[in-house]
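Report on the following structure.
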Amino acid sequence: MSNYSIINSRQLNYKNYAVRNILNIFLTIFSGIFTIITVLPLILVLGYILIKGGSQLSISLLTELPEPPGDDMFSGGIGNAIIGSIIVTSIAAVIAVPIGIGGGVYLAEYSRGGTFSKFIRFGTNVLAGVPSIIAGICVYGSIVSSKIIFGANFSALAGGIALAILMLPTVIKTTDEGLKLVPDELRKGAIGLGASQFTTITRITLPAAFTPISTGIVLSLARAAGETAPLIFTALFSFYWSNEPSSLLEPIASLSVLIYNFALEPYQAQNELAWAASFILVFILLIMNIFARLLGRYAPK
Amino acid sequence: MLPNRSDMQKAPIYKMTPTMKIKNQMIQELKTCVSMENVTISYGKQEAVKNIFCDFPNGEVTALIGPSGCGKSTVLRAINRMNDLIDGCTLTGRVLFDGVDLYKPEIDPVEVRRRIGMVFQQPNPFPKSIFENIAFGARVNGYKGNMHDLVEKSLKQAAVWDECKDKLNESGYSLSGGQQQRLCIARTIAIQPDVILMDEPCSALDPISTLKIEETIHELKKQFTIVIVTHNMQQALRVSDKTAFFNAETKKGESGKVGYLVEFNNTEDIFNSPTQKSTQDYVSGRFG
Amino acid sequence: MRGIPVSESETGSFSQRKRSSSEKLLDKSFKAVAISLAATVAFVLFGIFLVVFSGSLESIGRYGTEFLFTSEWNPVTDKYGAFTAIYGTLVTSLLSLLIAVPLGIGTAIFITEDIIPEKARYLIGLMVELLAAIPSVVLGLWAIFIMEPFLRPFFVFLNNNYSWLPFFNTEPLGPGMAPAIIILVIMILPIITSIARDSLNQVPIKLREAAYGVGATRWTAIFNVILPAAISGIAGGVLLALGRAMGETMAVTMIIGNSNNFSWSFFSPGNTIAAMLANQFGEADGSQVSSLMFAALILMTLTLLVNIFAQWMVKKLSLKY
């Protein structure tokens, strides 16, 4: 190694033809291609929804009722489906959010790692993995076919319950995890002052975990609003407005079921309405998703 | 390694003929292992250390000391281009290793790290067996030979063989913190670098482990050039031949501190007769 | 007055050094409510099992294990066997997993390494998460009208040139297993990618530095140190994706063709349990309902097994570091 400056310089240089360098470049390019393949479907799907759905955007689309299939010329609007989706998702939220937050509070604040809480955690994971179609079938089997709710069979309420089953594990998990992020000092501080556990939770820890919990709830609402499978046997579909209180006990339209039904119709006008509904649905869901993310990012600490 | 390096260092220079000048320059070059010429390192737009000139001598232990936040670790990591892993970290000036600028575009940082090994602040064995921890680096560096011999030799050199010899197939994390750090030293020795950088290698360890590591450093000094960052002045005094004292000051109109080299000299001189007041203050424990 | 001792005035006395009985009651009842809300999960889960199980009793009694291995599905003769649907569920989910796993992990590596600027990485990560937010039914619509017609020439090519393979030996005419597999890939890719990304991000920097410190190249570090350290999380994500693929309903039912005639060919219409449920449950009655419930029970058991296996795997594979 004497006189080694010169040798050194060459040894330290990047060697274009070294096997490891070629392999590295090759693998880096490959992972880049994989990334493009992963992202491409989003661009294509959004692009087509924008072209085929966005181009149909009009006031009448948003305010009119859909026409039953058969008329090849005119398919109407999706007004009742937009309202219906909002109603059904709201019912789901009213059921799942309090139950989920309560369950999450129990897991994070009360449980001490006993068998019961282990079982609930496990059950939450299992429930999160239950296919959405099964939730629909179960609500059909237990609520719709038995007409247990005021004698109604297919109804907005039944649809909301089915969606609530899907939302529940997500809300529990985000509450549980959000509360665990709250520093223990805060909790001890409150309890050390002589505050009861109820006060500590409702006044200190839950408000401190507000951001992650609400982010999780908005995301789970967005998922529920896009679900179709739990609704096709529970909320069914309707070609009419659901504007009276009694409508909750009747079949109700929703954007996702409208897309499903009309996509499979042989008529072009109906297919186009499905595209238009997709545009509106995806637009709403993306707004909700981005809103949830901004909530997490810019919320006051 | 260079067997005749020390002979050349001792060669007396009486008259400076042109040939001797060249020779002298070569000797200087051989004496110096890593040299920093006007090095400034920034994270994004924020300068971390500024205008460092410093020659780390061959075959000796150099300690970098200074208060926290003065950029001594940043300087250390610049020597084997570890800062490349940090987003937005840039360096201006030249870092010469045996006369080669390590930041020339044609230099391969991977090659640099194979010649300049590093021991980190936190013991960081791979989540693999003790044997694999050492064999991995050797294999990466294309080692051909008896792997068992290499593992044994490296572990012995790092003074951790006795603790490891019966459990080579157990995870590196089954060892205690001090043993893990010596495993990491063994891992670095195994790839036979020219220089070993140590970034506060004892800061996470208890006093007894620290002492053992220091003994190991004394052994390693015979074969490697060592640059060690430490916040412990006693340690610098115990292990190093040369010491560089860094300090940091807040510049007007800037938020963060900018580090700079205050004084670089033989360790004895730094501790006994520093030329700068801030060095005096620091080594006498008045701040930092 | 909710328990925090409050002074009544600046110099006043504490009125609640002793907790009032109403406050104690509130505290206790709040806890009781929380416990019962948590128990709802168990109740719902138990209810689902009960409904599906009791619904399928008739069919279990009549067909037993024969149900799993016969593929005749005939409401006219009242003869039911779910083999085609079970086969379709397993084949579509496993094949889509096979395609999606390398793509997803490759993408996750690409956006956790410093190959491209941080902002671009964040943008890609966001796009992956937005892809996950697109509803299944919209992807189904897109699959019917855009994706399948676009891919058909490719399927025709495979059929023309490799029809000696039983998997390619029918003519692609539209809906079938192949487009269903592709749409499943699109649906589970975001799951695998984002979970793999999170797992890779959780690998401590010190391990990455250790690998680079001994002179490893980027991909040596990835394959030998970083991926093994993240493997438990990634495996969990992959199994989660498998569960999703098995239970995925809308997009699959819209594109798979919903045929219970068994065929080896990926180009002929097939079925999955979830697709069959979505397609037939509405019009079914009598023993067909019971058979569908039986199929649902099988699907539930499969996803449950995958879930339990996932949790076991994550524990088993996690390395200490």
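The values are calculated or read from the model by the stated rules, or taken from the named source; none is laboratory data. A quick note: this is a predicted structure, and the numbers were derived from the prediction, not measured. Glycine also receives a Cβ, built like all others from the backbone with ideal geometry; neighbour counts cover every protein chain displayed.
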Worksheet item: Taking into account only those residues within segment A:101-118 that are more than 7 Å from chain C (Cβ to nearest Cβ) and assigned to a helix (DSSP H, G or I), which is surrounded by the most Cβ atoms within 10 Å (Cβ to Cβ)?
Response: A:Gly104
Fill in: All positions within segment C:170-184 that are surrounded by fewer than 24 Cβ atoms within 10 Å (Cβ to Cβ) and within 13 Å of another protein chain (Cβ to nearest Cβ)
C:Gly174, C:Pro175, C:Ile182
Practice prompt. Kindly indicate whether any position in segment B:177-199 is surrounded by fewer than 18 Cβ atoms within 10 Å (Cβ to Cβ) and farther than 20 Å from B:Phe126 by Cα.
Written response: no
Worksheet item: Does any residue of segment C:56-77 turn out to be within 11 Å of another protein chain (Cβ to nearest Cβ) and at pLDDT 85 or above?
Response: yes
Discussion item. For segment A:267-301, give me the residue count where each residue is without any contact (Cβ under 8 Å) to a residue 24 or more places away in the chain and closer than 25 Å to C:Thr253 by Cβ.
Written reply: 4
Worksheet item: Looking at (1) in contact with a helix residue (DSSP H, G or I) (Cβ under 6 Å, 6 or more places away or on another chain); (2) within 12 Å of another protein chain (Cβ to nearest Cβ); (3) at pLDDT below 90, can you tell me which one B:Ala159 breaks?
Response: (2)
Practice prompt. Can you tell me which residue within segment C:79-92, out of those that are assigned to a helix (DSSP H, G or I) and surrounded by fewer than 24 Cβ atoms within 10 Å (Cβ to Cβ), is farthest from the other protein chains (Cβ to nearest Cβ)?
Written response: C:Phe83
Discussion item. Please go through segment A:239-269 and give me each residue that is outside any loop (DSSP other than H, G, I, E, B), of a type in the set (A, V, I, L, M) and either over 16 Å from A:Glu64 (Cβ atoms) or touching a strand residue (DSSP E or B) at 6+ places or on another chain (Cβ under 7 Å) (or both), ordered by number.
Written reply: A:Leu248, A:Leu249, A:Val257, A:Leu258, A:Ile259, A:Ala263
Discussion item. Just checking, does segment A:201-218 include any residue being within 12 Å of chain C (Cβ to nearest Cβ) and closer than 30 Å to A:Gly76 by Cα?
Written reply: no
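If only one of A:Ile172, A:Ile165 is within 14 Å of another protein chain (Cβ to nearest Cβ), crowded, with 23+ Cβ neighbours inside 10 Å, at pLDDT 95 or above and in contact with a Cys (Cβ under 9 Å, 6 or more places away or on another chain), which one is it?
A:Ile165
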Worksheet item: Restricting to helices (runs of 4 or more DSSP H) lying wholly in segment C:189-267: which have 3 or more residues that are at the interface with chain A (Cβ under 10 Å from one of its Cβ atoms)?
Response: C:218-221, C:227-247, C:250-255
Worksheet item: In segment B:75-100, which residue that is touching a strand residue (DSSP E or B) at 6+ places or on another chain (Cβ under 8 Å) and part of a helix (DSSP H, G or I) is nearest to the other protein chains (Cβ to nearest Cβ)?
Response: B:Met82
Worksheet item: What is the number of the single condition among (1) surrounded by 15 or more Cβ atoms within 10 Å (Cβ to Cβ); (2) under 19 Å from the mean Cα position of the chain (by Cα); (3) modelled with pLDDT under 90 that B:Lys222 does not meet?
Response: (1)
Worksheet item: What are the residue pairs meeting all of these: first residue in segment A:38-60, first residue away from chain C (no Cβ under 12 Å), second residue surrounded by 20 or more Cβ atoms within 10 Å (Cβ to Cβ) and part of a helix (DSSP H, G or I), Cβ atoms under 6 Å, and 6 or more apart or on different chains?
Response: A:Gly54/A:Phe279; A:Gln56/A:Ala276
Fill in: A:Gly151 being of a type in the set (Gly, Ala, Ser), assigned to a helix (DSSP H, G or I) and in the same structural domain as A:Phe237 (by TED's automatic domain parsing)
no
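Okay, residues lined up against (1) exposed (fewer than 15 other Cβ atoms within 10 Å of the Cβ); (2) of a type in the set (Ser, Thr, Tyr); (3) within 26 Å of the chain's Cα centre (by Cα); (4) more than 27 Å from A:Thr205 (Cβ to Cβ):
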| residue | (1), (2), (3), (4) |
| --- | --- |
| A:Leu23 | yes, no, no, yes |
| A:Phe34 | no, no, yes, yes |
| A:Pro68 | yes, no, no, yes |
| A:Thr89 | no, yes, yes, yes |
| A:Arg121 | no, no, yes, no |
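Across segment A:70-84, what is the total count of residues that are surrounded by 12 or more Cβ atoms within 10 Å (Cβ to Cβ), over 11 Å from A:Leu273 (Cα atoms) and small (Gly, Ala, Ser)?
Matching residues across segment A:70-84 total 3.
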Practice prompt. Please work out if B:Asp55 is within 14 Å of another protein chain (Cβ to nearest Cβ), of a type outside the set (Val, Ile, Thr) and either farther than 24 Å from B:Asn247 by Cβ or surrounded by fewer than 22 Cβ atoms within 10 Å (Cβ to Cβ) (or both).
Written response: no
Worksheet, complete the sentence: Here the residues within segment C:284-301 that are farther than 15 Å from A:Ile134 by Cβ and either of a type outside the set (S, T, N, Q) or at the interface with chain A (Cβ under 10 Å from one of its Cβ atoms) (or both) are C:Ala284, C:Asp285, C:Gly286
Response to the item:
Those residues of segment A:183-206 which are buried (at least 19 other Cβ atoms within 10 Å of the Cβ) and closer than 27 Å to A:Ala92 by Cβ amount to A:Ile201, A:Thr205, A:Leu206
Worksheet item: Within segment C:302-321, restricting attention to residues that are of a type in the set (Ser, Thr, Tyr) and within 14 Å of chain B (Cβ to nearest Cβ), which residue is nearest to the chain's Cα centre (by Cα)?
Response: C:Ser318
Response to the item:
Restricting segment C:93-140 to residues that are outside any helix (DSSP H, G or I) and under 17 Å from the mean Cα position of the chain (by Cα), the one nearest to the other protein chains (Cβ to nearest Cβ) turns out to be C:Pro135
Discussion item. So, A:Leu186, is that one in a helix (DSSP H, G or I), more than 10 Å from chain C (Cβ to nearest Cβ), among the hydrophobic types (A, V, I, L, M, F, W, C) and more than 16 Å from the chain's Cα centre (by Cα) or not?
Written reply: yes
Worksheet item: Taking segment B:114-134, which residues are part of a helix (DSSP H, G or I) and farther than 29 Å from B:Ala78 by Cβ?
Response: B:Ile130, B:Phe131, B:Glu132
Worksheet item: Can you spot a residue in segment C:258-266 that is surrounded by fewer than 21 Cβ atoms within 10 Å (Cβ to Cβ) and under 22 Å from the mean Cα position of the chain (by Cα)?
Response: yes
Worksheet item: Pick from A:Ala229, A:Ala222, A:Ala209: which is buried (at least 16 other Cβ atoms within 10 Å of the Cβ), assigned by TED's automatic domain parsing to the domain that holds A:Gly104 and farther than 22 Å from A:Gly103 by Cα?
Response: A:Ala229
Practice prompt. Enumerate the helices (runs of 4 or more DSSP H) found wholly within segment B:162-265, keeping only those where 3 or more residues are within 14 Å of chain C (Cβ to nearest Cβ) and under 28 Å from B:Leu91 (Cα atoms).
Written response: B:177-190
